[in-house]
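Everything below concerns the one structure shown next.
The values are calculated or read from the model by the stated rules, or taken from the named source; none is laboratory data. Since the structure is predicted, the reported quantities are computational estimates derived from the model, not experimental observations. Cβ placement follows ideal geometry from the backbone for every residue including glycine, while neighbour counts extend to all protein chains displayed. Each accessible area value is taken on the protein alone, full model and side chains, heavy atoms only, with ligands, DNA and RNA left out. Shrake-Rupley method; radii C 1.70, N 1.55, O 1.52, S 1.80 Å.
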Amino acid sequence: MSGKLTDRVLLRSFGVANVFCENSDKINCFDFSPNSEVITSSSDDDSFVLCDCQEGKPKPSSVRNTAWPHQIHSCGKHNDTICYLSLIVLLSMSPVDDTFISVSLDKNLRSPNCQGLMHIKGKPVCCFDPEGLIFAGINSAMAKLYDLCSFDKGPFAPFKMQYDRTCEWTGLKINNDGKLILISTNCSFIHLTGAFKGVVIHMFGGYANSKAVTLEASFTADSQFMMIASEDGKIHVWNGESGPITCLQFNPKFMTFASMCSNMAFWLPTIDD
């Protein structure tokens, strides 16, 4: 992708180009291949569907993408790679090789080829950085960054999170330059934090999630915008590079208000016909 996305020119021009109906039950997870040419979706009926992003056609299969094009890991319930898929609540693939992290709730190690094991309380979430050199994990009120080559020595950057006990962390993404972490919850807000100090840069909210659905937020390819869907079928987009709104005043006579940061914006009501 060349250049940056813009709000008015590019993001507002997005529309649905194709709809794939091959999954026979609710889709619970999907993943792009590292070359971005294939997307895999899994559904509650234990089926997996691969779709070609360039041709817009489904490819029948029952597997999960790995880091290399057209290579995949089997994720069936009764195969020898990962047993009892229902106990695995999250998989994060390395973007550079076939390494992956699995998160399980049963605290039992079932893979004979596991390179390391960490016992963590609660329900953690994790992800690799875009270069596959570090991985991050969040559990309750703590976030930790690990060097993949020396994770057994402990995290090199642990920090506390602003934790709301009424919510659960549901997703984790590191942006392209490794400086930002996007954290999803099953409430109606997501966190954008600095990757190494854990300082909350923005908290985005206002989308519908009254049923505590597991929603997953994502960066755009240039990391400028954050996106998440909501239970009412809408997609919400925020600009993470915008500065804070430092002043807001409502007009004392007219139905307008102004907001200011480095620029001034005037707001008018939308009148339906």
Going through the range 2-30 in order, the residues found to be charged (D, E, K, R) and at pLDDT 75 or above are Glu22, Asp25, Lys26
In the range 144-241, which strands (runs of 3 or more DSSP E) lie fully inside it and hold 2 or more residues that are open to solvent by 30 Å² or more (accessible area, probe 1.4 Å)?
157-160, 200-205, 225-229, 235-239
Cβ contacts < 6 Å: first residue of a type outside the set (A, V, I, L, M), restricted to the range 89-101; second residue assigned to a strand (DSSP E or B) and open to solvent by less than 30 Å² (accessible area, probe 1.4 Å), any location; separation 6+ or different chain. Result?
Ser92/Cys126; Ser92/Cys127; Ser92/Phe128; Ser94/Phe128
Is there a residue in the range 35-51 that is at pLDDT 70 or above, in the same structural domain as Ala136 (by the TED database) and hydroxyl-bearing (Ser, Thr, Tyr)?
no
Of the residues that make up the range 209-220, is at least one under 21 Å from Leu91 (Cα atoms) and in contact with a Phe, Trp or Tyr (Cβ under 6 Å, 6 or more places away or on another chain)?
no
